[in-house]
Ligand code: GRF
């Protein structure tokens, strides 16, 4: 049974996709040990509660320093003895020592086709604004392992989404979530649980069913 911690900051629709996937069997042999948010008001915590999953808020604001916050976050995650840490819209920079402790075991979902529209300043709606500004015809989402860079870790899965005439950033964001994020993040977790993802150097080999 794969044990995962899911880190969230906002609405939790990607968390919900994972919860639903486990429930309907499309994500096999997996359990969510804990949901951790930096934001006490994140609706993602309500989703966890409704699903009977332990939810915790570990906020940088509750600690005297960023270092103290990092120590508390890593200690909390360690206590659940998880196999993978899933960043599902988690907007706080991950402590370097967490990535060192969990090499190629921290997974992130980014709402573009990396290496386009990613890196510092590219998160949430901003990504889709830049996509529309540049006028690309195809965007999408990427699931990748987290390394010490920003959106630079080995790519695990990607899914393309067409940009349509008249798209606004909000409309495009929703389509990317519905057609890409909520598909490839659950699928990735299912493949991780089946041991079908391996990393060779800086690239992955995925045995997709
Ligand atoms: C998603 O668009 C995700 O790609 C990005 O943050 C957003 C989180 O949405 N990282 P939700 O909290 O999962 O609804």
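Every number here is computed from the coordinates shown, using simple stated rules; none is lab data. Just so you know, these numbers come straight off a predicted model, no measurement behind them. With ideal geometry, Cβ positions are generated from the backbone for all residues, glycine too; neighbour counts draw on all protein chains shown.
Remarks
- Output for the stretch 81-115, where each listed residue is under 18 Å from the mean Cα position of the chain (by Cα), away from the ligand (no atom under 14 Å from the Cβ) and part of a loop (DSSP other than H, G, I, E, B): 82, 83, 95, 102, 103, 104, 105, 115
- Residues in the stretch 12-45 that are more than 25 Å from residue 191 (Cβ to Cβ) and out of contact with any strand residue (DSSP E or B) (no Cβ under 8 Å at 6 or more places or on another chain): 41, 43.
- Count of residues meeting criterion [within 16 Å of the ligand (Cβ to nearest atom) and in contact with a helix residue (DSSP H, G or I) (Cβ under 6 Å, 6 or more places away or on another chain)] in the stretch 42-58: 4
- Leading residue by the ranking (surrounded by the most Cβ atoms within 10 Å (Cβ to Cβ)) among those in the stretch 116-130 that are within 10 Å of the ligand (Cβ to nearest atom) and not in a loop (DSSP other than H, G, I, E, B): 128
- The listed residues are 137, 170, and the only one of them that is away from the ligand (no atom under 14 Å from the Cβ) and either exposed (fewer than 14 other Cβ atoms within 10 Å of the Cβ) or free of Cβ contacts under 8 Å to residues at least 60 places away in the same chain (or both) turns out to be 137.
- Test for residue 31: is it under 18 Å from residue 73 (Cα atoms), surrounded by fewer than 15 Cβ atoms within 10 Å (Cβ to Cβ) and away from the ligand (no atom under 16 Å from the Cβ): no
- One residue from 167, 151 being more than 14 Å from the chain's Cα centre (by Cα) and part of a loop (DSSP other than H, G, I, E, B): 167
- Qualifying residue in the stretch 30-41 (condition: touching a helix residue (DSSP H, G or I) at 6+ places or on another chain (Cβ under 7 Å), part of a helix (DSSP H, G or I) and either closer than 15 Å to residue 90 by Cα or in contact (Cβ under 8 Å) with a residue 60 or more places away in the chain (or both)): no
- Sole exception among (1) touching a residue at least 24 places away in the same chain (Cβ under 8 Å); (2) away from the ligand (no atom under 16 Å from the Cβ); (3) not in a loop (DSSP other than H, G, I, E, B) for residue 71, by number: (1)
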